[in-house]
């Protein structure tokens with residue numbers, strides 16, 4: 001009878017069930033927190049790119065060369081009626097190019113006017129705008145591309161019109177709780193594109 005009563009005794013069942021369920025429950029809670037933190041940082045990365053791009057389109061280019069150097073670019077516009085594109089029959093057409101630079105100071109490009117040199121100092125305002133949202137961003141995490149778009153302005157601004165694309169590269173989120181589960185690091189990527197703006201008064 002005593003053996004039979006011992007088999008029917010359930011006084012420790014709840015403790016055993018809790019011991020089995022608690023690790024799964026904690027893992028689920030930490031996973032939700034980790035994913036929420038990652039999504040929060042991904043949104044911060046997107047906002048940082050937007051702020052950096054806004055600064056990039058109104059400041060001097062970080063790549064200096066034909067079409068991006070204001071002094072050199074003015075020749076493409078000289079004497080044209082406001083509103084016309086810089087290409088015309090009696091002068092050399094605007095250069096066509098796509099140049100990509102990392103704010104750390106290196107540039108690579110393709111096109112028929114590929115003679116660009118990086119100007120890292122021009123990237124300081126862009127980096128400052130991005131660090132206001134994500135302080136950990138470094139010059140090596142910011143890639144900026146200038147590509148001619150063939151558009152014109154009402155007026156004669158320099159440099160020539162380009163689309164500016166800014167990307168966050170090589171920047172990762174480090175998990176707080178579940179680094180082993182997510183491989184130690186989770187990449188944060190963001191990119192945005194806007195046409196350049198001419199802020200010169202005519």
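Observations on the model:
- Residues (loosely packed, with under 15 Cβ neighbours inside 10 Å, under 30 Å from residue 36 (Cβ atoms) and modelled with pLDDT under 90) located in the range 146-177: 174, 176
- Residue selection: residue 135 satisfies the criterion of being under 18 Å from residue 49 (Cα atoms), part of a loop (DSSP other than H, G, I, E, B) and at pLDDT below 95.
- Of all residues in the range 103-118, exactly one satisfies the criterion of being assigned to a strand (DSSP E or B) and at pLDDT below 70, namely 111.
- Qualifying residue in the range 88-96 (condition: surrounded by 10 or more Cβ atoms within 10 Å (Cβ to Cβ) and at pLDDT 75 or above): yes
- Matching entry among 83, 123, 79, 71 (being out of contact with any helix residue (DSSP H, G or I) (no Cβ under 6 Å at 6 or more places or on another chain), outside any loop (DSSP other than H, G, I, E, B) and at pLDDT below 90): 71
The values are calculated or read from the model by the stated rules, or taken from the named source; none is laboratory data. Note that the structure is a prediction, hence the values are computed from the model and not measured. Reconstructed Cβ throughout: ideal geometry from the backbone, glycine too, with neighbour counts over all protein chains shown.
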